[in-house]
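Here the structure comes first, spelled out in structure tokens, and everything after it is commentary.
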Amino acid sequence: MKLLLSYIPTVFACLISASLNFIGQSALAADNMVQGTPLNHHVVTSEPEFIWFDQRGPRALTLEMLALAQELGFWQQIGLSTNEASAQVTRDLDDRYSQLFIEMLKTLRLGQGDEALSSIQQLRRAVQTEQLHELLDTMLPEHKQVQLLREQIRRYQQLEKYVWPAISARQYRLGQRSPEIAKLRWMLTQLGDLPIKPSNTYREAIYDPAMVSAIKHFQLRHGLPESGELDSSTRKALQISPSQKIAHLRQALFRWFALPIQLPERYLWVNIPAYQLQVMENDTSVLSMRVIVGKPETPTPQMVTTLNLVTLNPTWTPPRSIVYGELLPKNGQNPGYLAAHGFELRKVTQGHSLALPLTNHSSKQIAALLGEYQLVQQPGANNSLGRYRFSIPNNAAIYLHDTPAKQMFTRQDRALSHGCVRLEKADILAKYLFTRHTDQSPVVIKEALAQKLPRYYKLAEPLPVLITYLTTWVDTGGVVQFRPDIYKLNSTLAERASVTDLGL
């Protein structure tokens, strides 16, 4: 896969369109009636210009297209002011379905050569050449996650027919009975956290061990502490309605649309809100680990790139923002801090590197020398990059790396870095890459680390890398996962979204 950073601008265009007119579950039924006239009773003439209807009514392809439009949130109700099912009514409806299809095609296949298909006349020509079904089939990328997210949207659309209950702020003990417990049991069952079992009205209202397990399952797939208690965070997550869940699923779906149409057989995937890295082979995760990502004020950017270089025993040259904002103040508060953590001043002159130890240098003296020297941390146990750095070409100076602060991976919220991605098991990833992508034996890693000098190993075949921002996804066990919007990108999208009126 090529370096495709150019797809990132597409993210925003697709995301804005993703918010087009989300509707309730009755929209499809409402559009199938025009002032009380069933859709399949529309009069169709022998004129060849009808795209979505034949003599029997809507074509099978029409229903497929409308179902997709409803899943993606493009669908709106029709309000035709007529009491008569006539050829003109059907023609108007056919034209509006065509406008809907063209709008979907423009949005979902942006930049893929379909810009010329922008009028109903051009769409009719596509019908004459029997390309319409092919266009519909290829409208969405064939990513496994796209298929799984669409299935979840359909599942939550079925839940929209219910009035979603409110949960009171109460704690329950095992054996306790209450109508509120029956309500909670129903919600957890509908959401798939509690298996459906034969029960009775009396048992449904009792707080039993199955309820505790169901709450833990719900907490786990929402990124909450797995306590099994109905705490405030869990209640808040339970109160999110099916319609809101559908909006989250659609946002994730459109973020997948912004990625390359075809993903490689093997790639590295970091999902920022999940705080997780996976190496994928043929849609299967073969390596997984926790990660630490950028803080909200220094976020990790979304990108499509490659991993092309592994550095063992890396040095670290901190950016000026960290030097002046963190390191020099620490050295001022604790004189000798920089020297104790392996920092030195270094400059390159006439091809030679000159190093200046920091012993007995004050922060003020170091700051004065920074115009001529760079502050560099040497390899070692205290190095902020740990023992491994993985280079991924990008314009934001972001890379993946090890860290000596392993205890931070036990935290639930791991948006803690300055933007780079810290890896829980950097050594495991290095062994994987040496085995699959270099002509070096993994034994080389042990020997190189023992020398405590930087060593650079270029990958013979760069590994594609996706860094995504998906607050919703379906895991390898088929369980839908939801995570907090740590960078507030979803709310920003909602504020910026513009509603397109397709006249439906």
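The values are calculated or read from the model by the stated rules, or taken from the named source; none is laboratory data. Quick caveat, the model's predicted, so the values are computed rather than measured. Note: ideal-geometry Cβ built from the backbone for every residue, glycine included; neighbour counts use all protein chains shown. The protein model used for the area step is the full one, side chains on, heavy atoms only, and it has no ligands, DNA or RNA in it. Shrake-Rupley method; radii C 1.70, N 1.55, O 1.52, S 1.80 Å.
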Checklist entry - Any idea which residue in the range 206-222 is farthest from the chain's Cα centre (by Cα), counting only those that are open to solvent by 10 Å² or more (accessible area, probe 1.4 Å) and of a type in the set (A, V, I, L, M)? => result 206
Item to check | Residues of the range 303-330 satisfying the condition of being in a loop (DSSP other than H, G, I, E, B) and surrounded by fewer than 18 Cβ atoms within 10 Å (Cβ to Cβ) | outcome: 317, 319
Checklist entry - Among the residues of the range 262-279, is any within 30 Å of residue 168 (Cα to Cα) and open to solvent by less than 40 Å² (accessible area, probe 1.4 Å)? => result yes
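For the range 278-290, does any single residue satisfy the condition of being under 20 Å from residue 403 (Cβ atoms) and either small (Gly, Ala, Ser) or at pLDDT below 95 (or both)?
First pass over the range 278-290, keeping only residues under 20 Å from residue 403 (Cβ atoms): 278-279, 287-290.
Those still in the list that are either small (Gly, Ala, Ser) or at pLDDT below 95 (or both) too: 288.
Checked the range 278-290: at least one residue is under 20 Å from residue 403 (Cβ atoms) and either small (Gly, Ala, Ser) or at pLDDT below 95 (or both).
For the subset of the range 331-350 comprising residues that are part of a strand (DSSP E or B) and within 11 Å of residue 375 (Cα to Cα), which member is modelled with the lowest pLDDT?
Quick first cut of the range 331-350, residues part of a strand (DSSP E or B) only: 343-349.
If we keep only those that are within 11 Å of residue 375 (Cα to Cα) too, we end up with 343-347.
Values: 343: 94, 344: 92, 345: 93, 346: 91, 347: 86.
Here the answer is 347.
Working only within the range 322-340, note down all residues that are within 34 Å of the chain's Cα centre (by Cα) and free of Cβ contacts under 8 Å to residues at least 40 places away in the same chain.
Our first condition is that a residue be within 34 Å of the chain's Cα centre (by Cα); within the range 322-340, this holds for 322-327.
Within the range 322-340, 325, 326 qualify.
Please work out which residue is least open to solvent (accessible area, probe 1.4 Å), limiting yourself to the range 364-401 and to residues that are over 42 Å from the mean Cα position of the chain (by Cα), closer than 18 Å to residue 337 by Cβ and not basic (Lys, Arg). Don't jump to the end; show me each part of the working.
Quick first cut of the range 364-401, residues over 42 Å from the mean Cα position of the chain (by Cα) only: 364-366, 368-369, 372.
Imposing the further condition that a residue be closer than 18 Å to residue 337 by Cβ reduces the set to 364-366, 368-369.
This time we only want the ones that are not basic (Lys, Arg), so: 365-366, 368-369.
Numbers: 365: 94, 366: 1, 368: 83, 369: 46 Å².
Among residues in the range 364-401 that are over 42 Å from the mean Cα position of the chain (by Cα), closer than 18 Å to residue 337 by Cβ and not basic (Lys, Arg), the one least open to solvent (accessible area, probe 1.4 Å) is 366.
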Checklist outcome for this item: Selection over the range 439-461 where residues are without any contact (Cβ under 8 Å) to a residue 24 or more places away in the chain and either over 21 Å from residue 379 (Cα atoms) or not in a helix (DSSP H, G or I) (or both) yields a count of 5
Next on the checklist: Given the options 306, 359, 284, name the one that is in contact with a strand residue (DSSP E or B) (Cβ under 7 Å, 6 or more places away or on another chain), hydroxyl-bearing (Ser, Thr, Tyr) and touching a residue at least 12 places away in the same chain (Cβ under 8 Å).
Outcome noted: 306
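I'd like to verify a number: residues in the range 191-205 that are open to solvent by 40 Å² or more (accessible area, probe 1.4 Å) and more than 30 Å from residue 411 (Cα to Cα), how many? Don't jump to the end; show me each part of the working.
Filtering the range 191-205 for residues open to solvent by 40 Å² or more (accessible area, probe 1.4 Å) gives 192, 195-204.
Now narrow it down to the ones that are more than 30 Å from residue 411 (Cα to Cα): 196-204.
So the count comes out to 9.
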Checklist entry - Which condition number in (1) among the polar types (S, T, N, Q); (2) in contact with a Gly (Cβ under 8 Å, 6 or more places away or on another chain); (3) in a helix (DSSP H, G or I) is the one that residue 300 fails? => result (3)
Next on the checklist: Can you pull out every residue in the range 148-190 that is open to solvent by 100 Å² or more (accessible area, probe 1.4 Å) and farther than 18 Å from residue 231 by Cα?
Outcome noted: 158, 161, 163, 177, 179
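Taking the condition closer than 20 Å to residue 307 by Cα, of a type outside the set (Phe, Trp, Tyr) and under 26 Å from the mean Cα position of the chain (by Cα), does residue 429 pass? Step through it out loud before you land on a result.
On the way: closer than 20 Å to residue 307 by Cα: yes; of a type outside the set (Phe, Trp, Tyr): yes; under 26 Å from the mean Cα position of the chain (by Cα): yes.
Criteria met by residue 429.
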Next on the checklist: Suppose we filter the range 402-427 for residues that are surrounded by fewer than 14 Cβ atoms within 10 Å (Cβ to Cβ) and β-branched (Val, Ile, Thr); how many remain?
Outcome noted: 1
Next on the checklist: Here's a check for you: in the range 130-156, which residue that is among the aliphatic types (A, V, I, L, M) and in a helix (DSSP H, G or I) is farthest from residue 269 (Cα to Cα)?
Outcome noted: 132
